[in-house]
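Worksheet: one structure, shown below.
Every read-out reported here was derived from the displayed coordinates using simple, explicitly stated rules and does not represent laboratory data. In this text the structure is predicted, and so the values were computed from the model without any measurement. Every residue, glycine as well, gets a Cβ built from its backbone with ideal geometry; the counts of neighbours run over all protein chains shown.
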Amino acid sequence: MRILIANDDGIESPGIIELARIAKELGEVYVVAPMGQQSAMSHRVTVHGGLSFRREEAFPVEGVQAVAVSGSPADCVKAGINSILGFKPDLLLSGINQGYNAGYDAIYSGTVGAAMEGLLNGVPSIAFSVEHLRDMRACGAYLPGIMMELLKKDIESYEIWNINVPSLAPEDIRGVLYDRRISGKQYYQCSYIKETEFEGEGSLSFHFDLATEDEEGTDIDALLRGYISVGRLTEGMIRASRHF
């Protein structure tokens, strides 16, 4: 199996390094990822100007070929499949993202956008996110088995798998809940606060609060109760979640 990995946190993120290490057990791994931070880019692609790229000879997972691209996560997948790799991979993995991509937040996600770009190119795709990159112990313990399980399951040609993992010790994870529906709320409940204003100009600061509860059966509910959440995702499903 030939596997393409992308992300939105950049090619030096510990999350993409961990995902490449895990994916090596499944086949040949190729990384095409942004040169720097590209979070919340959704499915943005570069249409004005070109992209630059560089081969990362010192990527810290042995046997993995890695390329950094100046554009968005979706750019990386599009350029990777159509130019850099020279072939269509068998599987696209995106992540591991810093912070959950659960509920309505997923529509902003560059991690999800990269997976959706894989889908548009006819490649089965999985998006991965963890609560905090500083603690990925549960990812290492659970994701290999989850990936093997998902590769045996049927999924529609217009869907991706979306996996979110709490930053808990593996023994504290309560289990894996499949078929979680997308919550109609945001896990990161964001707002802008006006800091200054003078003669029509000012500054705003970004703030967020975390969800503390949700309906049973949703991805956010699973995460709040200490489970790994696995669900199917399309952009239409994210938008429809607002009406649940």
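Annotations
- Residue satisfying condition, being in contact (Cβ under 8 Å) with a residue 60 or more places away in the chain, part of a strand (DSSP E or B), buried (at least 18 other Cβ atoms within 10 Å of the Cβ) and on the phi < 0 side of the Ramachandran plot, within set Ile3, Ile107: Ile3
- On inspection, Arg232 does not qualify as charged (D, E, K, R), surrounded by fewer than 16 Cβ atoms within 10 Å (Cβ to Cβ) and either outside any helix (DSSP H, G or I) or under 19 Å from the mean Cα position of the chain (by Cα) (or both).
- The single residue among Leu204, Leu143, Leu151, Leu133 that is within 20 Å of the chain's Cα centre (by Cα) and under 20 Å from Tyr108 (Cα atoms) turns out to be Leu133.
- Residues that are touching a Phe, Trp or Tyr at 6+ places or on another chain (Cβ under 7 Å) and not small (Gly, Ala, Ser) were ranked within region 120-133; the one that is nearest to Ile3 (Cα to Cα) is Ile126.
- Taking region 36-63 as the range and being surrounded by 20 or more Cβ atoms within 10 Å (Cβ to Cβ) and under 13 Å from Ile5 (Cβ atoms) as the test, only Phe59 passes.
- Hey, Asn101 assigned to a loop (DSSP other than H, G, I, E, B), in contact with a helix residue (DSSP H, G or I) (Cβ under 8 Å, 6 or more places away or on another chain) and surrounded by 15 or more Cβ atoms within 10 Å (Cβ to Cβ) or not: yes
- Test result for Glu156, under 17 Å from Arg180 (Cβ atoms), in a helix (DSSP H, G or I) and either within 14 Å of the chain's Cα centre (by Cα) or not hydrophobic (A, V, I, L, M, F, W, C) (or both): no
- Leu168 meets the conditions (1) part of a strand (DSSP E or B); (2) in contact with a helix residue (DSSP H, G or I) (Cβ under 8 Å, 6 or more places away or on another chain) in every case but one. The failed one is (1).
- Residue list for region 8-44, filter: without any contact (Cβ under 8 Å) to a residue 40 or more places away in the chain and touching a Ser or Thr at 6+ places or on another chain (Cβ under 8 Å): Met35
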